[in-house]
Amino acid sequence: MKRPRVRDDLVQLEGYHSPQVDVDVRLNTNEAPVPPPDGFRDAVAAELSRVDWNRYPDRAATALREAIAEHHGVDPAQVFAANGSNEVLQSICLAYGGAGRWAVDFQPTYLMHAQIASVTGTSVRHGRRLADFTLDPDEARRTVQENDADITFLCSPNNPTGMVEPPEVLKAVIEAAPGVVVVDEAYGQFADWSAVLMLDEDLPMVVTRTFSKTWSMAAARLGYLLGPTWLVAELEKVVLPYHLDALKQAVGIVALRYEAEMHERVAALVAERERLVAAMDQLPLEQWPSGANFILFRPRDRPGRNVWQELLDRSVLVRDTSSWPGLEGCLRVTVGTTAEDDAFLAALTEVLS
Ligand SMILES: *Cc1c(COP(=O)(O)O)cnc(C)c1O
């Protein structure tokens, strides 16, 4: 059988994936540990019964964009919605990256930024964070300017370190960056400030958000960005026609009705996170202060990879970040329910004893 040769630049590219193993305690992908609130399912079912299945959906996702805009106090023309924030990021790369263009990120950070850029043919350069995982504004300026970055990715709170990027760093990057600055706020509700406050028609800066984490809706694959209207208009050109199906548009609107419940879940997760941090403090490991729903830690006397496997042997799955650049020996655990976190703590205590 003939196997046509794939694009040269895809040959070396490895797919990105987080193993979906069947275990009792799944703390590896930063999802919310609980389903959406009571009433959500019935409301979705009601919307489902109203879908005009023989018709294409509203291509501009007007009602959904209005609902998102109202949630953030911006104009609907500043909202671009897509199938998960990953499709949002891909659209940015399609519009502003591509062959002969450069994207910059600052490792250690979310690997999908570089991955999505590469798949779209965008070349990637990595700036470095300091040993404590903060970003030095001078290093950030130098990296974006030397590489003439068409796209610069920041992630706040940063996955997988959990650290919130201070406004001074973002301002330095925006001032220096020759291209679009993307602030990925997948965990934005956990942070004490948001780049949404800095949105401006005259600034080529966008903020991406997702329904996958704090909204308890990873199954829906829905994300969006807020940005200048002229930039949103460019993104509309690169997405497939009708890329957001009718049900998804409706589900997003339903979800936004439960904003108070979302904030309650975030507060509960923060309390649970602090309980985990205190308990992990008693174990032989190093951990980093988190402003999100996960904790990065490094077992002191044991290779991270072995600890990951021994946790898995006890049916507890965390994220093995030990081979990510700058994260030798590190693992990341998502904050789960009290029962899940107790199971994780018991297993970890056993493994590290
Ligand atoms: C989980 C996560 C996302 C979510 O992507 P979706 O495609 O919306 O599910 C985006 N960015 C970061 C940093 C994440 O951790």
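The values are calculated or read from the model by the stated rules, or taken from the named source; none is laboratory data. Because the structure is predicted, anything quoted here is derived from the model rather than measured. Cβ coordinates were reconstructed from backbone atoms using ideal geometry, including for glycine residues, and neighbour counts include every protein chain displayed.
Selection within region 127-151: residues that are among the β-branched types (V, I, T) and not in a helix (DSSP H, G or I). The member of this set that is surrounded by the fewest Cβ atoms within 10 Å (Cβ to Cβ) is T134. Regarding region 99-106, can at least one residue be identified that is of a type in the set (D, E, K, R) and either over 19 Å from A195 (Cα atoms) or within 16 Å of the ligand (Cβ to nearest atom) (or both)? Taking every residue of region 99-106 in turn, at least one turns out to be of a type in the set (D, E, K, R) and either over 19 Å from A195 (Cα atoms) or within 16 Å of the ligand (Cβ to nearest atom) (or both). Across region 49-62, not a single residue is classified as in contact with a helix residue (DSSP H, G or I) (Cβ under 7 Å, 6 or more places away or on another chain) and under 21 Å from V183 (Cα atoms). Residue under question is N147, and the condition is that it be under 23 Å from T210 (Cβ atoms) and either more than 16 Å from the ligand (Cβ to nearest atom) or out of contact with any strand residue (DSSP E or B) (no Cβ under 7 Å at 6 or more places or on another chain) (or both); does it hold? Against the criterion (under 23 Å from T210 (Cβ atoms) and either more than 16 Å from the ligand (Cβ to nearest atom) or out of contact with any strand residue (DSSP E or B) (no Cβ under 7 Å at 6 or more places or on another chain) (or both)), N147 does not qualify. Residues that are among the aliphatic types (A, V, I, L, M) and within 11 Å of the ligand (Cβ to nearest atom) do occur in region 152-172. Give the residues of region 207-250 that are in a helix (DSSP H, G or I), within 26 Å of P37 (Cβ to Cβ) and of a type in the set (G, A, S), sorted by residue number. Within region 207-250, A218, A219, A220, A246, A250 qualify.
It is to be established whether one or more residues within region 11-25 are more than 21 Å from D320 (Cβ to Cβ), in a loop (DSSP other than H, G, I, E, B) and at pLDDT below 90. Yes: one or more hits. Number of residues in region 325-353 that are surrounded by fewer than 18 Cβ atoms within 10 Å (Cβ to Cβ) and in contact (Cβ under 8 Å) with a residue 60 or more places away in the chain equals 6. Can you say whether L13 is touching a residue at least 12 places away in the same chain (Cβ under 8 Å), in contact with a strand residue (DSSP E or B) (Cβ under 6 Å, 6 or more places away or on another chain) and not assigned by TED's automatic domain parsing to the domain that holds F190, as far as the supplied structure shows? No: the conditions fail for L13.
Within the option set D22, D38, being within 24 Å of Y258 (Cβ to Cβ), loosely packed, with under 10 Cβ neighbours inside 10 Å and without any contact (Cβ under 8 Å) to a residue 40 or more places away in the chain holds for one residue only, D38.
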